[in-house]
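These notes concern the structure reproduced below.
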Amino acid sequence: MGTDNVRIAVLGAGSWGTVFANVIADAADLARDEDPAAPAVDVVLWGRRASVVDTINDEHENPDYFPGMKLNPHLRATTDADKAVAEADVVVLAVPSQSLRDNLAAWKPHLREDAVVVSLMKGVELGTRMRVSEIISEVLECSSERVAVVSGPNLAREIAERQPATAVVACPHEETAVRLQKLFKSAYFRPYTSTDLVGVEIGGAMKNVIALAVGVAEGMSFKDNTKASLITRGLAETTRLAVALGADEHTLSGLAGMGDLVATCSSPLSRNRTFGEKLGAGLTLDEVVAQTKQTAEGVKSSESVLGLGWAHGVDMPITESVVRMMHHDLSPAEALVGFMSRSTKPERYGV
Ligand SMILES: NC(=O)c1ccc[n+]([C@@H]2O[C@H](COP(=O)([O-])OP(=O)(O)OC[C@H]3O[C@@H](n4cnc5c(N)ncnc54)[C@H](O)[C@@H]3O)[C@@H](O)[C@H]2O)c1
Ligand SMILES: O=P(O)(O)OC[C@H](O)CO
């Protein structure tokens with residue numbers, strides 16, 4: 001990435017891809033207003049469906065996700081992923097984590113070798129137990145220095161409404177993180193930088209798992225003591241895992257750790273919390289899956305992060321309960337009994 005004009009492709013016109021592309025377009029307008037000589041930033045959003053792409057281009061709206069909400073008029077959309085990728089200095093990925101590997105393999109032949117690749121995703125791959133940045137490095141055969149992650153308390157609808165929010169842009173190459181921070185900073189979206197990819201990604205994947213548990217508690221009509229306990233012990237569990245994988249402990253008390261955990265576990269907008277809430281209220285797993293149209297990453301990632309915990313000797317009781325509820329028919333009532341009857345221990349233990 002140089003100082004010339006910058007072309008950015010956002011791949012995935014779902015909830016977060018649409019809103020993040022809009023953030024970048026708003027950020028570009030702000031940069032141009034502040035300095036008319038600043039390099040131009042062009043952002044294009046790839047979506048699978050022509051009808052959605054046409055409506056974004058013609059009416060500046062994504063009616064499937066945010067009907068009636070106006071997007072930046074400079075934001076363009078396309079169904080041609082290969083062209084969008086081929087022209088991009090920065091490629092931003094916003095598809096479900098579990099399908100990313102196949103998507104990337106298809107896009108790889110078109111992707112420029114010097115392009116920076118940014119993940120907006122919050123999941124860990126089933127089977128390989130790889131974080132998203134690891135999948136990107138493996139499939140694209142590139143160093144982690146070219147890969148960045150954006151994460152934080154970022155419920156898409158609130159940011160679509162241009163409510164103030166913050167996030168972390170993490171990249172092992174600090175200069176790249178700072179360049180991306182400038183490209184993504186708008187009047188209402190304030191990114192901080194970090195070099196801790198592991199901590200930021202584990203924070204993002206784990207908060208979805210804990211939000212499932214908090215949602216179950218909500219569905220069972222438990223109130224704030226229960227939810228605060230799950231959030232706090234969930235953060236302890238998240239931090240133990242992240243540190244065991246090499247993260248900086250402080251990252252987990254920051255925006256991509258505690259910040260996102262609190263936002264997701266508190267918000268009825270969260271797909272993961274809502275998924276858990278329905279299960280806790282008595283719907284069967286099949287019924288909840290059938291009602292869930294958008295990506296609830298924690299359902300599949302719970303298995304991957306539990307596997308990571310086992311592989312590194314990390315105790316993850318909340319995650320284990322979530323996995324058993326999501327994949328092994330444990331009822332919420334049984335999960336509660338199992339969780340509360342464990343042996344007692346000091347508040348701080350393990351890694
Ligand atoms: N929505 C949010 O508030 C939010 C905020 C921060 C991060 N995230 C993360 O962003 C990622 C994407 O989430 P989202 O909210 O945009 O999900 P979404 O379900 O709203 O959208 C996913 C998009 O990917 C497309 N898609 C689905 N399967 C695909 C496949 N096999 N190949 C190609 N495209 C496919 C869908 O058509 C859709 O456009 C997730 O990892 C999520 O955790 C979401
Ligand atoms: O709707 P969720 O549960 O995927 O959460 C959305 C964002 O990740 C919150 O930061």
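Among the strands (runs of 3 or more DSSP E) confined wholly to region 1-117, which include 1 or more residues that are assigned by TED's automatic domain parsing to the domain that holds GLU158 and under 20 Å from the mean Cα position of the chain (by Cα)?
In region 1-117, the matching strands (runs of 3 or more DSSP E) lie at 6-11, 41-46, 90-93.
Please specify each residue of region 280-298 satisfying the condition of being part of a helix (DSSP H, G or I) and either buried (at least 24 other Cβ atoms within 10 Å of the Cβ) or touching a Cys at 6+ places or on another chain (Cβ under 9 Å) (or both).
Pass one, region 280-298, residues part of a helix (DSSP H, G or I): 280, 285-291, 298.
Of everything in region 280-298, those that are part of a helix (DSSP H, G or I) and either buried (at least 24 other Cβ atoms within 10 Å of the Cβ) or touching a Cys at 6+ places or on another chain (Cβ under 9 Å) (or both) turn out to be GLY280, GLY298.
Check off (1) without any contact (Cβ under 8 Å) to a residue 40 or more places away in the chain; (2) surrounded by fewer than 24 Cβ atoms within 10 Å (Cβ to Cβ) for VAL43 and give me the number that stays unchecked.
(2)
Does region 54-75 contain any residue that is crowded, with 20+ Cβ neighbours inside 10 Å, away from ligand 2 (no atom under 16 Å from the Cβ) and acidic (Asp, Glu)?
No, region 54-75 contains no residue that is crowded, with 20+ Cβ neighbours inside 10 Å, away from ligand 2 (no atom under 16 Å from the Cβ) and acidic (Asp, Glu).
Restricting the search to region 329-344, which residues are touching a residue at least 24 places away in the same chain (Cβ under 8 Å) and surrounded by 14 or more Cβ atoms within 10 Å (Cβ to Cβ)?
PRO332, ALA335, LEU336
Out of LEU283, LEU255, LEU279, I need the residue that is within 13 Å of ligand 2 (Cβ to nearest atom) and among the aliphatic types (A, V, I, L, M). Which one?
Result of the check over LEU283, LEU255, LEU279: LEU255.
Counting only residues that are at pLDDT 95 or above and over 29 Å from GLU347 (Cα atoms), how many does region 287-322 have?
Matching residues across region 287-322 total 7.
So which residues in region 208-221 are in a helix (DSSP H, G or I) and either of a type in the set (S, T, N, Q) or not assigned by TED's automatic domain parsing to the domain that holds LEU235 (or both), if there are any at all?
ASN208
Might you check whether a residue that is surrounded by fewer than 17 Cβ atoms within 10 Å (Cβ to Cβ) and assigned to a loop (DSSP other than H, G, I, E, B) occurs anywhere in region 307-318?
Looking for residues that are surrounded by fewer than 17 Cβ atoms within 10 Å (Cβ to Cβ) and assigned to a loop (DSSP other than H, G, I, E, B), one finds at least one in region 307-318, hence yes.
Cβ-Cβ under 6 Å, sequence separation 6+ or interchain: first residue in region 145-171 and over 12 Å from PHE184 (Cβ atoms), partner aromatic (Phe, Trp, Tyr) and within 14 Å of ligand 1 (Cβ to nearest atom). Which pairs?
Partner pairs satisfying both residue conditions: ALA156/TRP16; ALA160/PHE66.
Every residue in region 1-30 that is modelled with pLDDT under 95 and either of a type in the set (A, V, I, L, M) or within 15 Å of ligand 1 (Cβ to nearest atom) (or both), please.
MET1, the sole residue that qualifies.
Kindly indicate which of VAL305, VAL323, VAL351, VAL289 is in contact with a strand residue (DSSP E or B) (Cβ under 7 Å, 6 or more places away or on another chain) and not assigned by TED's automatic domain parsing to the domain that holds VAL132. Can you show your working first?
Numbers: VAL323 fails: in contact with a strand residue (DSSP E or B) (Cβ under 7 Å, 6 or more places away or on another chain); VAL351 fails: in contact with a strand residue (DSSP E or B) (Cβ under 7 Å, 6 or more places away or on another chain); VAL289 fails: in contact with a strand residue (DSSP E or B) (Cβ under 7 Å, 6 or more places away or on another chain).
Within the list VAL305, VAL323, VAL351, VAL289, the selection yields VAL305.
Cβ-Cβ below 9 Å, separation at least six or inter-chain, first residue in region 254-267 and within 13 Å of ligand 1 (Cβ to nearest atom), second modelled with pLDDT under 95 and of a type in the set (Val, Ile, Thr): which pairs?
From region 254-267, no pairs qualify.
Kindly evaluate LYS207 against the criterion of being touching a helix residue (DSSP H, G or I) at 6+ places or on another chain (Cβ under 6 Å), among the basic types (Lys, Arg) and more than 16 Å from ligand 1 (Cβ to nearest atom).
no
The values are calculated or read from the model by the stated rules, or taken from the named source; none is laboratory data. Worth saying up front: this structure is predicted, and the values here are computed from it rather than measured. All Cβ positions, even for glycine, are placed from backbone atoms using ideal geometry, and neighbour counts span all protein chains on display.
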